[in-house]
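Following: one structure in structure tokens, then a few remarks.
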Amino acid sequence: MHEVLREGLLAGTTVIAAPPTAAAAACARLGADVRPLDADLLDEAAVEAAVGPCHALVVDAAALFGAGGAVALRAALDGTWCAVRATANAAFLPAGRGKVVLVAPRPGAGEHGAALRAGLENMARTTSIEWARYAITPTALLPGPETPETELAEVVAYLASPAGDYFSGCVMELV
């Protein structure tokens, strides 16, 4: 994949990161304008106001989930959904296209971690069908217990690139 991920690949691409992580940094290294989503993810109106024009949204639900638990599960799923829907409404629908990359926690991330992984998979698959007519392409990444952070970041950058146009509703299980 290193041959595909060349310097300048994401030049002219704006990526919104919620929250900013190594994956967002990988996009920036390839030339993307990466902006953090500075809003309460549970406040959809605030997210819509904060988004602005962009080409891709990367939501690291693993970072939102933290150590896990039922409250963290709900916050991560609700926050991810609000960020996805608000970005679609504010940036993708007017432009007629956009990419969503959802990053799940690793297996064993805590109580309800498996439920979050399943929820993100369902969100990617369902929204890919519902939003296909708008050329919005959601995908979900399920890292394995030993997936290197750099590999995960490279896959996010790949999906944000033009090569990612061919993936929608996909769930990529990384080992």
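No lab work stands behind these numbers, since they all come straight from the coordinates. Worth saying up front: this structure is predicted, and the values here are computed from it rather than measured. Ideal geometry is used to build each Cβ from the backbone, glycine not excepted, and the neighbour counts take in all protein chains shown.
Starting from the Cα of Asp78, step 7 Å along the direction of its Cβ; do the same at Glu173; then give the gap between the two resulting points in nm.
3.1
Given a cut-off of under 8 Å on Cα pairs at least six residues apart, what relative contact order in percent is computed for the chain?
Normalised by residue count, the contact order of the chain is 22 percent.
May I ask you to work out the translational diffusion coefficient for the chain at 10 °C, viscosity 1.306 mPa s, via Stokes-Einstein with Rh from the Kirkwood sum over Cα pairs, reported in whole µm²/s? The partial results should precede the final answer.
Details: Rh = 15.6 Å.
The diffusion coefficient I find is 102 µm²/s.
Per-residue ellipticity at 222 nm for the chain, helices alone: DSSP H runs ≥ 4 residues times -39500 (n - 2.57), over residue total, nearest 500 deg cm²/dmol?
-12000 deg cm²/dmol
Rounded to the nearest angstrom and ordered from largest down, what semi-axes does the equivalent ellipsoid of the stretch 54-126 get from its C-alpha gyration tensor (root of 5λ)?
24, 10, 9
Hey, can you grab everything whose amide H is under 5 Å from the amide H of Leu174? Only 5+ residues off in sequence or another chain; H modelled, so Pro and N-termini drop out.
Here Leu142, Gly144 satisfy the definition.
Using the Karplus curve 6.51 cos²θ - 1.76 cosθ + 1.60 with θ = phi - 60°, work out ³J(HN,Hα) for each residue of the stretch 90-98 in order, rounded to whole Hz, and write x for Gly and Pro.
Karplus values, whole Hz, x for Gly and Pro: 7, 10, 7, 5, x, 7, x, 5, x.
By counting other Cβ atoms within 10 Å of each Cβ, how are Arg6, Arg74 ranked from fewest to most?
Ordered by Cβ neighbours within 10 Å, fewest first: Arg6, Arg74.
Quick one: 3J(HN,Hα) in Hz for the stretch 29-39, Karplus 6.51/-1.76/1.60 with θ = phi - 60°, rounded, Gly and Pro as x.
Couplings: 4, 8, x, 6, 8, 9, 10, x, 8, 8, 7 Hz.
Under the rule of at least 5 residues apart or a separate chain, name every residue whose amide H is placed under 5 Å from the amide H of Gly98.
Ile136, Thr137
What residue among Ala32, Ala135, Gly108 has its Cα farthest toward the positive end of the dipole of the stretch 2-136, where the charges are +1 on Lys, Arg and -1 on Asp, Glu, each on the Cβ?
It is Ala135, whose Cα lies furthest towards the positive end.
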